[in-house]
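Taking it in order: structure first as structure tokens, then the write-up.
What follows draws every value from the coordinates through simple rules; no lab data is involved. Bear in mind the structure is a predicted one, so any value in this text is a computation, not a measurement. Note: ideal-geometry Cβ built from the backbone for every residue, glycine included; neighbour counts use all protein chains shown.
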Amino acid sequence: MSRFGEFFARGRSALLNGQATYDRPPVEGASRWGAAAVLRPSGPVLDRLVELAGELRPVVGAGHWVHGADALHVTLRSLEPYREDVSDRRVYGAALEEAMRGLPPVRVELRGVAGHHGGVLVWATPADETLATLQKRFAHALGEKGAFESWTRDIWYVSLVHFAAPVERPEAIVGWCEERADLPVGVAELSRAEIVRAVHAGGGVRLVTLERAECGP
């Protein structure tokens, strides 16, 4: 079974067995939704992701965070617990700029929709070694600058929805995902990385850009 297949099966089981979890609006010091380094899709791929999230809204029901264009992203690295004042933003930005320097755009194939205990996502498969190289270079640059380092991720995805209330229709969510388990969304070419912080905005979250870096010379 592929890595995606294993993830899909675990997520399906979690949802059908009543093991869903849900997010709450972040508060100071919370472990989730702190500052992060992300890569944001753009163009037709972003349009398709927004469309998918919109199609999913009536399936998951009310109360959940269905992400719009200002929240859809691939997380490169989580950086710290949630804080309204990201005091190390310049350090993170400098490390990100150093890591991006000289790299070509990151390319990931977005294909397959999966539910999991915390939401619904689109799976991302790196097209080459650029993403892994960026991840290693960013970790090295952070370490040299004495910045906080979080765990290193080994799967990649774009979240369409985060559950933010009890999940009342798990079978419908699982069925919707099963119909789209091999759905091709497109190849995202990610030429810009950002340091962001999350802002809870009523029915969801949006990501505010604090620092940004471009690939290339």
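A few remarks follow.
- Rounded to the nearest whole angstrom, the semi-axes of the ellipsoid equivalent to the chain, taken from the Cα gyration tensor as √(5λ), stand at 28, 20, 15, largest first.
- Coarse-grained scattering of region 96-217 at q = 0.10, 0.23 Å⁻¹, given as base-10 log I(q)/I(0) from a Debye sum over alpha-carbon atoms: -0.40, -1.36
- Among 204-211, 16-23, 135-142, the order from most to least packed when residues are scored by Cβ within 10 Å on average: 135-142, 204-211, 16-23
- Degrees separating the helix 130-144 axis from the principal Cα axis of the chain, which is the longest one: 50
- Contour excess over end-to-end distance, with Cα ends at residue 19 and residue 144 and 0.36 nm allotted per residue: 41.0 nm
- Placing dummy labels 7 Å off each Cα toward the beta-carbon, the span from residue 3 to residue 97 is 3.1 nm.
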